[in-house]
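Here the structure comes first, spelled out in structure tokens, and everything after it is commentary.
The values are calculated or read from the model by the stated rules, or taken from the named source; none is laboratory data. Treat the numbers as computed from the prediction; the structure is a model and nothing was measured. FYI the Cβ positions are ideal-geometry reconstructions off the backbone, even for glycines, and counts take in every protein chain you see. SASA here: full protein model, heavy atoms, side chains in, ligands and nucleic acids out. Shrake-Rupley method; radii C 1.70, N 1.55, O 1.52, S 1.80 Å.
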Amino acid sequence: MNIKILLSSILLFSSNTLLATELCDSTSNKCAQIGSGAAWLLSIIETSKHVCTSSEDVHYWLEENKWLIKKIKSEEPEYAHFLEMQSNSFWKTGNPEIQDNCDKVTELVHNEHPLNSSLR
């Protein structure tokens, strides 16, 4: 296989930006890029506000992106299950990584397109 084709394929399939879907809201003139894990990330962000002490940024992001949240929730029939899973695992009481997770969520909502990101 040609090395240029191989490298191009790796770049294409490893880049979130190239695989993003852009959603726009005509009433607010806002757009956002989302990845395939948008509903999963949103469920982590939403459930973090009940656990993280530094959730001002999260509350602000959720308030500013109501249109996007509504759209994502309407397209994901398993969203309620995602919320339950996050509460029972990602934010489970006693999880030693909770503060790290809170910091990662805060960093995530500061990204230009947080629902096209990862929490690695």
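Worth a mention:
- Highest mean packing comes first when the peptides 77-83, 32-38 are listed by Cβ atoms within 10 Å, giving 32-38, 77-83.
- A Förster radius of 30 Å combined with the Cβ-Cβ distance from ILE98 to ASN29 puts the calculated FRET efficiency at roughly 0.25.
- Segment 57-107, accessible surface, carbon-and-sulfur percent (1.4 angstrom probe): 50
- Multiplying each eigenvalue of the alpha-carbon gyration tensor of segment 54-104 by 5 and taking the square root yields semi-axes of 22, 17, 6 Å, largest first, rounded to whole angstroms.
- The figure for SER87 is an accessible area of roughly 60 square angstrom, using a 1.4 Å probe on the protein chains alone.
- With protein chains left intact and a 1.4 Å probe, residues in segment 62-120 average 65 Å² of accessible area per residue.
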